[in-house]
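Asks: Questions regarding the structure given below will be posed in turn.
The values are calculated or read from the model by the stated rules, or taken from the named source; none is laboratory data. Note that the structure is predicted; figures quoted are calculated from it, not measured. Cβ placement follows ideal geometry from the backbone for every residue including glycine, while neighbour counts extend to all protein chains displayed.
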Amino acid sequence: MKKIFYMLICALMLVSCGDGGNGQAPNIKTSTKTVHAVASNSTRAKVFLESGGDSYIVSNSGTTLYGGTGNDTVTIADGVTGVTIDQNVEQINFSSSLSNYKFLQTGNLINVYDSAGSTLILSSPVQGDSDGAILSFSDWSASALMASGGTMTLGGMTVSSTAANVLIPNTATTTTTTSTTSTTLSPLPGADGTALYNSNCSGCHAALSTSSKAGTTASNIQSAINGDIGGMSSLSSLSPTEIDAIATALASVVTPVTPTPVCGSCHAIPPSTGQHSRHRSKGVSCAICHGSAYSTTSFNAATHNNGIKNVVSTIGWNSTSRTCSNSCHGNERW
């Protein structure tokens, strides 16, 4: 009888700890102040952090995590998606830099997507308190807050509620909390056109300083996006403010002006080739063979340095035999 009772107790324990045969994920409780990783499985795991502050690495996509009391820190491993974290977690760490993510507000939820804005990585509620939750990236970290009127901000930058967008900080100040030191960036008014160009345009149009689109207007940029010119529909998530900022940056690009060469900077005077020295020694001017505007100090901008040896027809020049025959002398080879 005791043996049968013992077996029943064991069976009940297995049902409560496992999925009970219904295909649902187990509930996982963590120990405090240790680092954990969810074992890989095909079901969605629910993780409960203990009180007193905990650190946890989420390595399984689709995990739902509940924070405890104290300062909890959760790290989302590279490649993990579809994670849900409740408002009791104080800090959430990401493996890559800020520019590799896009952000979208849905009610009181901050949704973090991949760089393409198509794959949801994290969804977490943002509280309306003074410190919110800290989102930390490999190059930047800041607090996500709910402002008055239901507007959500991250590091002072407004999180869009219409489309997932990148956030580009401008200036930095340091904020210290009891558990971590983070950098909160306060953006300057408007968007950073140079940074937006570098992250969205330079791959096709070269660096800003040498951009092939120098001077392009915001209207032209928007038209190219709408018409998917060169695949630019991929930039449809850019806001009008961001497009204006890119156009402003392009307007500041000055196309380098090739300096006008001076005589003697490219060749000797007279040139050392052919019979130039012989002609000059006999007092033959440059203009007699090469036309008006040519001298030892001037040239015709329309024909000079154009890759062609320009000579006037009156000297009887034959480019095939490289000879000339005129009133100055008989038939001479150059």
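Asks: Only residues in region 238-252 that are among the acidic types (Asp, Glu) count as the first member; pair them with residues that are part of a loop (DSSP other than H, G, I, E, B), Cβ under 6 angstrom, at least 6 apart or cross-chain, and list the lot.
Replies: Within 6 Å, the pairs are 242/191.
Asks: Restricting to region 52-80, name every residue that is in a strand (DSSP E or B) and within 29 Å of the chain's Cα centre (by Cα).
Replies: Filtering region 52-80 for residues in a strand (DSSP E or B) gives 55-58, 64-66, 73-76.
57, 58, 73, 74, 75, 76 - these are the residues of region 52-80 that are in a strand (DSSP E or B) and within 29 Å of the chain's Cα centre (by Cα).
Asks: Which of (1) in contact (Cβ under 8 Å) with a residue 24 or more places away in the chain; (2) within 22 Å of residue 166 (Cβ to Cβ); (3) surrounded by fewer than 16 Cβ atoms within 10 Å (Cβ to Cβ) does residue 127 not meet, given it meets every other one?
Replies: Status for residue 127: all satisfied but (2).
Asks: Looking for something without any contact (Cβ under 8 Å) to a residue 24 or more places away in the chain, outside any loop (DSSP other than H, G, I, E, B) and not acidic (Asp, Glu) - is there at least one such residue anywhere in region 291-309?
Replies: Among the residues of region 291-309, not one is without any contact (Cβ under 8 Å) to a residue 24 or more places away in the chain, outside any loop (DSSP other than H, G, I, E, B) and not acidic (Asp, Glu), which makes the answer no.
Asks: Identify, from the list 176, 183, the residue that is modelled with pLDDT under 85 and surrounded by 13 or more Cβ atoms within 10 Å (Cβ to Cβ). Don't jump to the end; show me each part of the working.
Replies: On the way: 176 fails: surrounded by 13 or more Cβ atoms within 10 Å (Cβ to Cβ).
From the options 176, 183, the qualifying one is 183.
For every residue, the table says whether it meets (1) closer than 27 Å to residue 102 by Cα; (2) surrounded by fewer than 11 Cβ atoms within 10 Å (Cβ to Cβ); (3) not assigned by TED's automatic domain parsing to the domain that holds residue 161.
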residue: 210; (1), (2), (3): no, no, yes
residue: 227; (1), (2), (3): yes, yes, yes
residue: 236; (1), (2), (3): yes, no, yes
residue: 290; (1), (2), (3): no, no, yes
residue: 301; (1), (2), (3): no, yes, yes
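Asks: Mind listing just one residue for me: the one in region 249-267 that is surrounded by fewer than 16 Cβ atoms within 10 Å (Cβ to Cβ) and modelled with pLDDT of 80 or more and, of those, nearest to residue 216 (Cα to Cα)?
Replies: Once the filter is applied, the top-ranked residue is 251.
Asks: Something else: Quickly run through region 109-123 and pick out the residues that are surrounded by fewer than 18 Cβ atoms within 10 Å (Cβ to Cβ), outside any strand (DSSP E or B) and not β-branched (Val, Ile, Thr).
Replies: Correct list: 115, 116, 118.
Asks: From the list 159, 89, 83, 112, pick out the single residue that is among the aliphatic types (A, V, I, L, M), closer than 24 Å to residue 53 by Cβ and within 18 Å of the chain's Cα centre (by Cα).
Replies: 112
Asks: Any residue at all in region 157-168 that is at pLDDT below 85 and either assigned to a loop (DSSP other than H, G, I, E, B) or not assigned by TED's automatic domain parsing to the domain that holds residue 213 (or both)?
Replies: yes
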